[in-house]
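For reference, the structure discussed in these notes is given below.
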Amino acid sequence: MDFDIIITTPAEKDLSDLLDYIGSVLCNKPAAESFLEDFSENLDHLSQMPFLYSECNDAVLNAKGYRKIAVGNYIVLYKVDAEMHRVYISRVVYGRRNLPDMVDEKTPQYL
């Protein structure tokens with residue numbers, strides 16, 4: 001049974017902002033489209049095998065149950081609710097950002 005993918009509001013904003021940045025600021029619409037294709041492909045894999053990708057290396061994020069997917073230069077942070085067969089995409093951030101700062105008390109905690 002496939003898992004439902006839930007993209008949280010912060011992750012939707014992250015994705016929208018980064019696609020706008022790549023497409024409009026960097027003037028590289030093909031790169032934005034390519035990123036979106038790669039992102040969608042990873043979500044397809046995630047819905048079938050939610051534990052495929054690694055746990056976060058950061059101890060704080062790992063203790064909170066976060067896992068990560070690398071998509072180009074970006075990291076997709078997510079959590080799995082195995083009981084409800086859901087995957088919550090929490091954030092989509094540039095890989096060099098301080099990831100624990102990206103998940104704070106303002107980030108919806110579904111699990």
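The values are calculated or read from the model by the stated rules, or taken from the named source; none is laboratory data. Computed from a predicted structure; not experimentally measured. All Cβ positions, even for glycine, are placed from backbone atoms using ideal geometry, and neighbour counts span all protein chains on display.
May I ask you to list the residues in segment 1-25 that are surrounded by fewer than 16 Cβ atoms within 10 Å (Cβ to Cβ), touching a Ser or Thr at 6+ places or on another chain (Cβ under 9 Å) and of a type in the set (Gly, Ala, Ser)? Matches in segment 1-25: none. Sub-8 Å Cβ pairs linking a first residue in segment 22-40 that is closer than 13 Å to ASN73 by Cα and in contact (Cβ under 8 Å) with a residue 12 or more places away in the chain to a second residue that is hydroxyl-bearing (Ser, Thr, Tyr) and surrounded by 11 or more Cβ atoms within 10 Å (Cβ to Cβ), at least 6 apart or interchain, are PHE35/TYR74, ordered by first then second residue.
Every condition in (1) among the hydrophobic types (A, V, I, L, M, F, W, C); (2) part of a helix (DSSP H, G or I); (3) without any contact (Cβ under 8 Å) to a residue 60 or more places away in the chain holds for ALA11 except the one numbered (3).
Take segment 25-48 and flag every residue that is among the polar types (S, T, N, Q) and in a loop (DSSP other than H, G, I, E, B). The one that is among the polar types (S, T, N, Q) and in a loop (DSSP other than H, G, I, E, B): ASN28. Among the residues making up segment 9-37, those that are in contact with a Lys or Arg (Cβ under 8 Å, 6 or more places away or on another chain) and either modelled with pLDDT of 95 or more or under 29 Å from ALA82 (Cβ atoms) (or both) are PRO10, ALA11, ASP14.
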